[in-house]
Amino acid sequence: MNLKEQPILSVRNLTVRYGEGCPRCQESLEKNRCPHCGSVWAANNLSLDVFPGEVLGIVGESGSGKSTLMQSLYFDLIPTQGAAYLQMYKNGRQSIWEASAAEKRQIKNTMMGMVYQNPIRGLRMDYSAASNIAEKIIAAGSRNAGQMTQRAKELLQAVEILTSRMSEAPKNFSGGMQQRVQISKALANNPSLLLLDEVTTGLDLSVQARVLDLIRKIKAKYGISILLVSHDLAVIRMLADRTIVMLDGKIIESGLTDQILEDPQHAYTQQLVHSLL
């Protein structure tokens, strides 16, 4: 991978603050909370790049800001400040957070796919698996029923769900199968960027392994860029080319995954790595 390529996604100075903030915030934060005004800095001045075909891992404990970053990118949260540039949106010249409501819908439906930790957030549990995929395709402007059925079949096969179960609702599926339907829905319109937020948390180890193997195959087949959030370094080791370590809303270390796992610099990363050994 040539890191001189144009990044597919660039995030600059993302900040998500809950509370008014005060002049003393940045100097006196305790973890990510200001003791003077009570403001919480869920994301504190984050900057990162994702390159074409790359898996960028983001690791950190609960409350470190990983999901805040993902939800900001997918417009589930409104950032306090910052910019995010997608190469597919206006050639990366305008922040997606400045887009109109209609443009944001288009970005969500055609340029990005999101897989949530809890499938209830990403799927309509009473719709069939095929209808969940069709919904995403319709949102991108397609109305051809035959093409939608064919695409749903192709994607469900890609995530190893039998076509005989296409018309079943995800509420009847296991957790691992629900995650696979979510992944197929996220891929419906060939997005350039896939956001995976703790997709294996809560799954049995054997199911986790299958989902991770599937993500690896999808990356190889579609050449898609992936932003992968996990608190589990074993997941990051298996999938990520580069890794960012987060703590208390900040990035504290970043580099090639091997480098971070074999020679961690920050005390928190050292503790994380040693807990894995």
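The values are calculated or read from the model by the stated rules, or taken from the named source; none is laboratory data. All values derive from a computational prediction rather than experimental measurement. Cβ coordinates were reconstructed from backbone atoms using ideal geometry, including for glycine residues, and neighbour counts include every protein chain displayed. Surface areas here come from the heavy atoms of the whole protein model, side chains and all, with no ligands, DNA or RNA. Shrake-Rupley method; radii C 1.70, N 1.55, O 1.52, S 1.80 Å.
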Residues of region 220-271 being more than 20 Å from residue 201 (Cα to Cα), open to solvent by 30 Å² or more (accessible area, probe 1.4 Å) and assigned to a helix (DSSP H, G or I), which ones?
-> 220, 221, 222, 258, 259, 262, 267, 270, 271
Looking at residue 185, is it open to solvent by 40 Å² or more (accessible area, probe 1.4 Å) and assigned to a helix (DSSP H, G or I)?
-> no
Residue check, residue 192 open to solvent by 10 Å² or more (accessible area, probe 1.4 Å) and more than 21 Å from residue 125 (Cβ to Cβ) = yes
Would region 145-155 turn up any residue that is open to solvent by 40 Å² or more (accessible area, probe 1.4 Å), outside any loop (DSSP other than H, G, I, E, B) and in contact (Cβ under 8 Å) with a residue 60 or more places away in the chain?
-> no
Being closer than 22 Å to residue 68 by Cβ and not polar (S, T, N, Q), is that true of even one residue in region 203-213?
-> no
If you go through region 46-59, how many residues are buried (at least 24 other Cβ atoms within 10 Å of the Cβ) and small (Gly, Ala, Ser)?
-> 1
Within the group 54, 98, 103, 61, which residue is more than 26 Å from residue 30 (Cα to Cα), in contact (Cβ under 8 Å) with a residue 40 or more places away in the chain and not aliphatic (A, V, I, L, M)?
-> 54
Looking at this structure, is residue 89 within 14 Å of residue 10 (Cα to Cα), open to solvent by 40 Å² or more (accessible area, probe 1.4 Å) and modelled with pLDDT of 95 or more?
-> no
Name the single residue, out of those in region 195-219 being buried (at least 18 other Cβ atoms within 10 Å of the Cβ) and outside any helix (DSSP H, G or I), that is modelled with the lowest pLDDT.
-> 203
Region 193-216, residues that are over 15 Å from the mean Cα position of the chain (by Cα) and in contact (Cβ under 8 Å) with a residue 40 or more places away in the chain = 202, 210, 214
Can you name every residue in region 112-144 that is assigned to a loop (DSSP other than H, G, I, E, B), on the phi < 0 side of the Ramachandran plot and not basic (Lys, Arg)?
-> 116, 117, 118, 123, 125, 126, 127, 128, 140, 142, 144
In region 158-180, what count of residues is obtained for those that are in a loop (DSSP other than H, G, I, E, B), at pLDDT 90 or above and open to solvent by 20 Å² or more (accessible area, probe 1.4 Å)?
-> 5
Sole residue being at negative phi, among the small types (Gly, Ala, Ser) and without any contact (Cβ under 8 Å) to a residue 40 or more places away in the chain, chosen from 176, 255 | 176
Kindly indicate whether any position in region 120-137 is touching a residue at least 40 places away in the same chain (Cβ under 8 Å) and within 28 Å of residue 233 (Cα to Cα).
-> yes
Restricting region 16-32 to residues that are crowded, with 19+ Cβ neighbours inside 10 Å and not in a loop (DSSP other than H, G, I, E, B), the residue that is modelled with the lowest pLDDT | 25
Evaluate the following for residue 242: is it under 17 Å from the mean Cα position of the chain (by Cα), charged (D, E, K, R) and more than 25 Å from residue 139 (Cβ to Cβ)?
-> yes
